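Accompanying notes for the structure given below.
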Amino acid sequence: MSTGSLSGLLAEVSLFARLDEQERDFLASRVRIVRFDAGSVMFRYGDPGNSMYVLKAGRVELSLKTKTGEHMVFAILGEHDFFGEISLLDGGARTASAHVLDDVEALEIDRSDLDELFRLQPSAALHLLTATGGRLRQTTQLLRNASTRNPNEDIEERRTLLVRLTDWIAQFAGSLVFLGIHVGYFAFWLGWNVFAPADYHFDQFPFGFLTLVVSLETIILSVFVLLSQNRQAERDRVRNDVEYDVNLKAEMQIAHMHEKIDENYAAQQKRLDAIERKLETMASKAEYSA
């Protein structure tokens with residue numbers, strides 16, 4: 001691909017849009033074209049981060065596998081998007097994995113290219129920090145809204161047939177239908193043994209058999225209710241654990257975001273100072289030569 005084509009591509013990327021044509025041509029002469037097939041991996045979490053990428057064509061998924069085994073997608077990037085800048089700025093490892101969804105053609109920019117960009121256009125450093133901060137903010141919001149697990153689903157998957165039957169009995173025992181059935185049942189029992197002919201009575205006053213039946217039913221239902229309450233306590237405990245995990249994750253991500261921003265700010269300040277000193281030196285030499 002010619003330098004002119006690369007320069008035109010750089011002009012369509014927000015990070016390089018403020019460069020003039022000559023500066024873009026100079027930067028385009030330094031970057032490289034890389035290609036990846038669909039289904040391949042450009043880099044993985046923890047890999048050394050020595051370059052960033054600008055997509056010319058194709059799509060890339062930035063994702064991360066959590067400690068609980070969940071596949072969390074941060075973003076799906078397309079044409080003219082850039083990524084990988086965090087590791088390039090702070091010199092650390094990759095903070096996510098980049099999976100190629102469609103065949104990718106991209107510009108690869110290393111640290112020396114980035115230094116040249118900041119020398120040509122120092123304001124690009126602030127633009128890069130803004131884009132990085134927005135991506136970190138989006139990631140933090142995503143992690144805050146993502147629960148590690150659903151307590152109801154977690155408990156539902158472990159329920160046996162006996163446990164399901166226990167929960168159903170305990171739930172039915174607390175319903176109006178259950179109350180209505182017993183009111184009708186007791187009314188029939190008492191009415192039959194009071195108003196029917198004596199020869200047909202099967203439980204004479206004071207209804208000892210009815211008392212025995214009710215006592216046994218009370219004992220059995222109380223056991224089912226206690227079992228159900230124990231399961232509810234287990235469900236509440238799992239829910240509390242999930243809430244704790246989510247709150248802890250949010251705190252850690254906020255702290256990590258602040259740390260990253262501080263590191264990026266310090267790195268950019270250091271680079272800008274070096275660029276300013278270099279420009280001052282060049283200006284002094286130019287004045288001396290004049």
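Observations on the structure shown:
- Residues in the stretch 102-118 carry Karplus couplings, in order, of 10, 3, 10, 10, 9, 8, 9, 10, 9, 5, 5, 5, 5, 4, 5, 4, 5 Hz; the curve used is 6.51 cos²θ - 1.76 cosθ + 1.60 with θ = phi - 60°, and Gly or Pro positions show x.
- For A96, the residues 5 or more places off, or on other chains, whose built amide H falls under 5 Å of its own are G46.
- Annotation: peptides 194-203, 239-248, ranked by per-residue average of other Cβ atoms within 10 Å with the highest first, follow the order 239-248, 194-203.
- Label-to-label distance, nm, for residues given as K285 and D273 (7 Å Cα→Cβ offset): 2.3 nm
- In order along the stretch 266-280, phi translates into HN-Hα couplings of 5, 5, 5, 5, 5, 5, 5, 4, 5, 5, 4, 5, 5, 5, 5 Hz, rounded to whole numbers, per the Karplus curve 6.51 cos²θ - 1.76 cosθ + 1.60 with θ = phi - 60° and x for Gly and Pro.
- Here the Karplus curve 6.51 cos²θ - 1.76 cosθ + 1.60, taken at θ = phi - 60°, turns the phi angles of the stretch 191-199 into couplings of x, 5, 7, 10, 9, 6, x, 4, 5 Hz, with x standing for Gly and Pro.
- Averaging Cα coordinates gives a centre for the stretch 196-235 and one for the stretch 81-110; these two points are 69 Å apart.
- All aspartates and glutamates inside 16 Å of K278 as judged from Cα atoms, apart from same-chain residues fewer than 8 positions distant: D115, E116, E287
- Highest mean packing comes first when the peptides 250-261, 111-122, 27-38, 204-215 are listed by Cβ atoms within 10 Å, giving 111-122, 27-38, 250-261, 204-215.
- When you count the other C-beta atoms within 10 angstrom of each residue and take the mean per peptide, 46-57, 217-228 line up highest first as 46-57, 217-228.
- If R0 is 25 Å, the Cβ-Cβ spacing of D262 and S40 corresponds to a FRET efficiency of close to 0.15.
Rule-based calculations on the coordinates, nothing more; no lab input. What you see is a predicted model, and the numbers here were worked out from it, not measured in a lab. Here Cβ is always computed from backbone atoms with ideal geometry, including for glycine, and neighbour counts include all displayed protein chains.
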